[in-house]
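The values are calculated or read from the model by the stated rules, or taken from the named source; none is laboratory data. These numbers were taken from a predicted model, which means no experiment stands behind them. Glycine also receives a Cβ, built like all others from the backbone with ideal geometry; neighbour counts cover every protein chain displayed.
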Ligand code: HEC
Ligand code: HEC
Ligand code: HEC
Ligand code: HEC
Ligand code: HEC
């Protein structure tokens, strides 16, 4: 039987259906960049190896940078395949956001492959990670601020670049693009909002609020410094101001080293056992254009460790003085369990978590904690429901910490050296150990150190 088109149907059902369709449409189409999912095929893009045949120097620089390994790097593979993908299987509403990991880590797979993409060992185009094509086909940002792979991209033989070539390339056309000289270009992937609407990455926005934006010093100036003489392409021009594709960041110990300057001084130079000396440590961020740490803040831990050594070589650990701000307990290391939400994708019932910090107790930590819905700390940024106190060191900011140290009665008379060191780990060690992430990801990087001396009276 065919349904009759009655006046009721025309006046009530049709408008209601249209309204419903419209709401569903706006709910699904919240971000223009979601349209990129599956829009193209792998064949629409060229591999970086092809670019290499004429741009060998830039290729070799890029191939040593993390952006060429954004899909294949061990920790990325572990977090994506052992936590994120299984989490979306348990909770299907996460399928979109977890597919979205690839929007930044494996854009070619996001635009033209299957999701989840094949594992790195299967060597699909997902392994291209953030390749030449991803950046040089990008024309603009689709949102303001740029975030969550908001790049507008059209595959083809027209590449976009900050510089207009003087020699025509036999392989492609070049369109000069001022957009490539902006920080919004990087912000397309270096700002990220998760399904709860939390900014889980905000490097470009941190930059924008800081002193370097006002001075016009952009991401490219520190991560793609100008250098030469350098040949831009085989048979191409040699220039003195080539944009080197170094993209060195937290995985380059040399880039991290010296980022923060550390100075320590005592309030008095002479003390008897039982007396207290107050040591003041100043930490000045001289190098980063954003906060330190930035980016994957949920994984990172930077901590200040202060230790005294007396004339006989006995060592004493100094605890940081509390300042009394809200949430301070997350900035002083101690014996706490955290990261219980890893139990969901790992399918461990009532997972009790692992140690929160994995460093000596009583140290000051420079971090911003991410919390899940239950209020436990999490490294699963997509599962972040709220963030705690932001105790990171801003660009050109100086943090001052005090350590009140009561000289122990057993301390040997004579010279006592007090050493302050700022350490950095890309991934908190208890999590790295638990998930069997290769140890380079949790190796201790020394950012900086300084020492001072006091005299202990007999
Ligand atoms: C057959 C050689 C060849 C291949 C292959 C090639 N290029 Fe080029 N490319 C050139 C030449 C030549 C220039 C101009 C260099 C100059 O200005 O001196 C150039 C210029 C560029 C520029 C502009 C920079 C400038 O010099 O002003 C970009 C960006 C670029 N290429 C990207 C790529 C990308 C991405 C690929 C791979 C998809 C690629 N190229 C593949 C030869 C090539
Ligand atoms: C004034 C120089 C400077 C500018 C400008 C700058 N950076 Fe950095 N950046 C650094 C230094 C130094 C480090 C290494 C220390 C660290 O890991 O934070 C770094 C680290 C990073 C890291 C790794 C951070 C981590 O802890 O994992 C990323 C990602 C990054 N920068 C992206 C950007 C982006 C995107 C911009 C522009 C919005 C930018 N940077 C602007 C100096 C700069
Ligand atoms: C993360 C994004 C990104 C990736 C990946 C990337 N580039 Fe670039 N590239 C840029 C930006 C941004 C500029 C322009 C910087 C400026 O003009 O300030 C640039 C400039 C260039 C230039 C011109 C250099 C100059 O001094 O003007 C060439 C040539 C080039 N890229 C080739 C490549 C090749 C080949 C690859 C892959 C091996 C590659 N790029 C990967 C972002 C990228
Ligand atoms: C298409 C997305 C995308 C764009 C555009 C992009 N990045 Fe990245 N970038 C990434 C991803 C993903 C990573 C993380 C790599 C990994 O898995 O460790 C990353 C990592 C980095 C790092 C960290 C390296 C380290 O040693 O830890 C730096 C520095 C960086 N990017 C700088 C830049 C700069 C500067 C620009 C703009 C010129 C830019 N990126 C544009 C996606 C992007
Ligand atoms: C908006 C772009 C974007 C999205 C979406 C995104 N990431 Fe990232 N991811 C980045 C950037 C940029 C970095 C590098 C930040 C830094 O160096 O501190 C990064 C870093 C990481 C790292 C740390 C790499 C390292 O070696 O330290 C892991 C692991 C990671 N992402 C996994 C994921 C997973 C899993 C998802 C999806 C749930 C995801 N990412 C979604 C941009 C993105």
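Do we find a residue being surrounded by fewer than 19 Cβ atoms within 10 Å (Cβ to Cβ), in contact with a strand residue (DSSP E or B) (Cβ under 6 Å, 6 or more places away or on another chain) and assigned to a strand (DSSP E or B) anywhere in segment 334-353?
no
Name the residues in segment 224-259 that are surrounded by fewer than 16 Cβ atoms within 10 Å (Cβ to Cβ) and assigned to a strand (DSSP E or B), would you?
226, 227, 238
For segment 190-202, state whether one or more residues are at positive phi and over 13 Å from the mean Cα position of the chain (by Cα).
yes
Only one of 400, 446, 389, 421 is under 19 Å from the mean Cα position of the chain (by Cα) and assigned to a strand (DSSP E or B). Can you tell me which?
Only one candidate passes the filter, namely 446.
Table: residues versus (1) crowded, with 21+ Cβ neighbours inside 10 Å; (2) under 22 Å from residue 87 (Cβ atoms); (3) within 16 Å of ligand 1 (Cβ to nearest atom); (4) at pLDDT 95 or above.
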site: 362; (1), (2), (3), (4): no, no, no, yes
site: 370; (1), (2), (3), (4): yes, yes, no, yes
site: 378; (1), (2), (3), (4): yes, yes, no, yes
site: 385; (1), (2), (3), (4): no, yes, no, yes
site: 441; (1), (2), (3), (4): no, yes, no, yes
site: 455; (1), (2), (3), (4): no, no, no, yes
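Tell me which residues, restricted to segment 251-283, are in contact with a strand residue (DSSP E or B) (Cβ under 7 Å, 6 or more places away or on another chain) and closer than 30 Å to residue 439 by Cβ.
Passing the criteria: 253, 256, 257, 258, 259, 260, 261, 262, 264, 281, 283.
Being more than 20 Å from residue 424 (Cβ to Cβ) and outside any loop (DSSP other than H, G, I, E, B) is the filter here; which residues of segment 354-386 pass it?
371, 382, 383, 386
What tally of residues in segment 95-118 results from selecting those that are crowded, with 20+ Cβ neighbours inside 10 Å and either assigned to a helix (DSSP H, G or I) or not assigned by TED's automatic domain parsing to the domain that holds residue 141 (or both)?
Qualifying residue count, segment 95-118: 15.
Among the residues of segment 47-94, write down those that are within 16 Å of ligand 1 (Cβ to nearest atom), assigned to a helix (DSSP H, G or I) and under 24 Å from residue 191 (Cβ atoms).
Within segment 47-94, 62, 67, 68 meet the criteria.
For segment 159-175, enumerate the residues that are closer than 25 Å to residue 142 by Cα and away from ligand 4 (no atom under 16 Å from the Cβ).
164, 172, 173, 174, 175
Considering only residues that are without any contact (Cβ under 8 Å) to a residue 60 or more places away in the chain, within 24 Å of residue 296 (Cα to Cα) and not in a strand (DSSP E or B), which ones fall in segment 119-158?
119, 120, 126, 127, 134, 135, 144, 146, 147
With respect to the numbered conditions (1) in a loop (DSSP other than H, G, I, E, B); (2) touching a residue at least 60 places away in the same chain (Cβ under 8 Å); (3) more than 16 Å from ligand 1 (Cβ to nearest atom), which one is the sole condition not fulfilled by residue 192?
Residue 192 satisfies all of (1) in a loop (DSSP other than H, G, I, E, B); (2) touching a residue at least 60 places away in the same chain (Cβ under 8 Å); (3) more than 16 Å from ligand 1 (Cβ to nearest atom) except (1).
Determine whether segment 285-300 contains at least one residue that is at pLDDT 95 or above, surrounded by fewer than 19 Cβ atoms within 10 Å (Cβ to Cβ) and outside any loop (DSSP other than H, G, I, E, B).
The answer is no; no qualifying residue exists.
Of the residues that make up segment 200-207, is at least one in a strand (DSSP E or B) and away from ligand 2 (no atom under 16 Å from the Cβ)?
Among the residues of segment 200-207, not one is in a strand (DSSP E or B) and away from ligand 2 (no atom under 16 Å from the Cβ), which makes the answer no.
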